[in-house]
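Input: a single structure, listed below in structure tokens.
The values are calculated or read from the model by the stated rules, or taken from the named source; none is laboratory data. All of these numbers come straight from a predicted model, not from anything done at the bench. Using ideal geometry, Cβ is built from the backbone for each residue, glycine included, and neighbour counts are taken over all protein chains shown. Please note that ligands, DNA and RNA were not included when accessible areas were found on the heavy atoms of the full protein model with its side chains. Shrake-Rupley method; radii C 1.70, N 1.55, O 1.52, S 1.80 Å.
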Amino acid sequence: MLGMIKNSLFGSVETWPWQVVSQGGKEEVSYEERTCEGGRFATVEVTDKPVDEGLREAMPKVMKYVGGTNDKGIGMGMTVPVSFAVFPGDDGSLQKKLKVWFRIPNQFQSNPPVPTDDSIKIEERESITVYSLQFGGYAKEADYVAHAAQLRTALEGTATCRSDIYFCTGYDPPMKPYGRRNEVWLVKA
């Protein structure tokens, strides 16, 4: 626990590598098209719980792993954003399932520490192209759903996105009260 707190407050923060391909907008919605680098990720999947409740279960597990609860006892430092995949139903509401994706820092990509918690998996993910919409505040499920709908509307007629999954991202530790950055990423089809 101490490693997790120390890492969150004083650890290094590495940004997940991506390239901005283009920028666009419609009415009051501005977005970016990005290609996000692949790599190894620590993942935790939670089912049968609403998104906000699932995050409260999954995020401490990922933070403990990053903070040193792993086979090497190493605090790795953070990468941002921390993302989680959500799975919308036909009506746009989210299913009771999410998967947190934490990109392992570059220094550990070739040989990541092994999680000591069996619910954490190390997975390889290919690069993805996304459409990203940024917003502030302490984001909850309703905020992500609303911003995803705004982005889908802005992209109508100009881009095709997957309808079965999208990513919600956060850049800030929970104790940061102002200037928070969140994003919704719709995956380019």
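Results for (1) closer than 22 Å to Ser30 by Cβ; (2) among the hydrophobic types (A, V, I, L, M, F, W, C), shown as yes or no for each residue.
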{"residue": "Arg125", "(1), (2)": "no, no"}
{"residue": "Gly137", "(1), (2)": "yes, no"}
{"residue": "Ala154", "(1), (2)": "yes, yes"}
{"residue": "Asp172", "(1), (2)": "yes, no"}
{"residue": "Lys188", "(1), (2)": "yes, no"}
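Among the residues of segment 117-125, is any over 23 Å from Cys36 (Cβ atoms), open to solvent by less than 70 Å² (accessible area, probe 1.4 Å), touching a Phe, Trp or Tyr at 6+ places or on another chain (Cβ under 8 Å) and in contact (Cβ under 8 Å) with a residue 12 or more places away in the chain? Yes, segment 117-125 contains at least one residue that is over 23 Å from Cys36 (Cβ atoms), open to solvent by less than 70 Å² (accessible area, probe 1.4 Å), touching a Phe, Trp or Tyr at 6+ places or on another chain (Cβ under 8 Å) and in contact (Cβ under 8 Å) with a residue 12 or more places away in the chain.
How about segment 3-37: which of its residues are part of a loop (DSSP other than H, G, I, E, B), loosely packed, with under 13 Cβ neighbours inside 10 Å and either on the phi > 0 side of the Ramachandran plot or modelled with pLDDT of 95 or more (or both)? Matches in segment 3-37: Glu27 only. Taking the criterion of being of a type outside the set (Gly, Ala, Ser) and surrounded by 18 or more Cβ atoms within 10 Å (Cβ to Cβ), the residues of segment 49-58 that qualify are Val51, Leu55. The single condition from (1) over 15 Å from the mean Cα position of the chain (by Cα); (2) closer than 27 Å to Asp48 by Cα that Pro112 fails is (2).
Would you check if there is a residue in segment 64-83 being open to solvent by 40 Å² or more (accessible area, probe 1.4 Å), within 17 Å of the chain's Cα centre (by Cα) and farther than 18 Å from Asn182 by Cβ? For segment 64-83, residues open to solvent by 40 Å² or more (accessible area, probe 1.4 Å), within 17 Å of the chain's Cα centre (by Cα) and farther than 18 Å from Asn182 by Cβ: present. Count of segment 126-135 residues, restricted to those that are of a type in the set (A, V, I, L, M) and either surrounded by fewer than 20 Cβ atoms within 10 Å (Cβ to Cβ) or part of a helix (DSSP H, G or I) (or both), is 1.
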